[in-house]
């Protein structure tokens with residue numbers, strides 16, 4: 001199977017391949033700065049939970065020595081969605097992991113609680129997925145990918161192949177993350193869902209969005225306030241990411 005990078009670049013020589021750096025994982029703590037994200041009844045802000053888990057996850061991954069790690073933000077600052085995506089593309093990230101702890105759309109019925117994973121689909125898998133994606137997305141993404149100087153027809157073929165390889169990588173990463181998280185924390189009954197989140201839309205970077213729980217649910221909020229629970233999420237995601245990288249890229 002063609003590598004997603006081989007679709008856009010000539011193969012490296014053996015000498016150059018030997019100098020290839022470790023793959024980079026881009027962690028994306030949701031929200032930040034003037035955008036707190038969801039806020040629980042006890043005052044827990046999504047932006048703070050997301051950053052806390054991202055910092056712990058970075059430490060776990062760097063300790064393993066299997067990859068390099070970058071964050072879209074390392075402090076309480078606002079970063080536009082497109083800038084987050086472009087950061088992953090600019091650094092040729094092997095995987096983008098966006099971290100959230102959102103609130104379920106209001107409505108009748110029991111409160112929604114538990115973690116879940118999202119991969120890209122322009123057709124949401126369910127009403128909750130559609131509502132969350134709409135609340136997260138301020139604007140859509142246009143472009144950002146440099147294709148070779150070939151005819152438009154060939155560019156479309158290359159882009160289609162690239163998107164396919166990226167989608168395969170995203171789906172594999174999500175399956176691994178669901179398996180690891182399911183051993184550590186409660187998940188939704190259907191934990192792998194699909195929606196059109198902006199941060200998942202790079203055609204050349206496999207990506208998943210992790211909903212660590214719902215701050216609209218008191219039990220989830222209480223759990224996400226506990227350092228031990230956040231550490232369990234980070235450890236599970238670190239195991240999944242290592243398994244993903246060990247199986248090869250795209």
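Here the simple spin-label model places points 7 Å from the Cα toward Cβ, and for residue 20 and residue 62 these points are separated by 2.5 nm. Ranked for footprinting exposure by Cβ neighbours inside 10 Å, fewest first, 246, 204 give 246, 204.
Residues 168, 241 in ascending order of nearby Cβ atoms (within 10 Å, fewest first): 168, 241. Specify whether the C-alpha gyration tensor of the stretch 20-115 places it in the rounded, prolate or oblate class, a ≥ b ≥ c being the square roots of the eigenvalues: rounded for a/c under 1.5, otherwise prolate if a/b is larger than b/c and oblate if not. Because a/c hits 1.5 or more and a/b exceeds b/c, the stretch 20-115 counts as prolate.
Read the figures in this text as sums done on the coordinates, not as results from a lab. In this text, all values refer to a predicted model and were calculated from it rather than measured experimentally. FYI the Cβ positions are ideal-geometry reconstructions off the backbone, even for glycines, and counts take in every protein chain you see.
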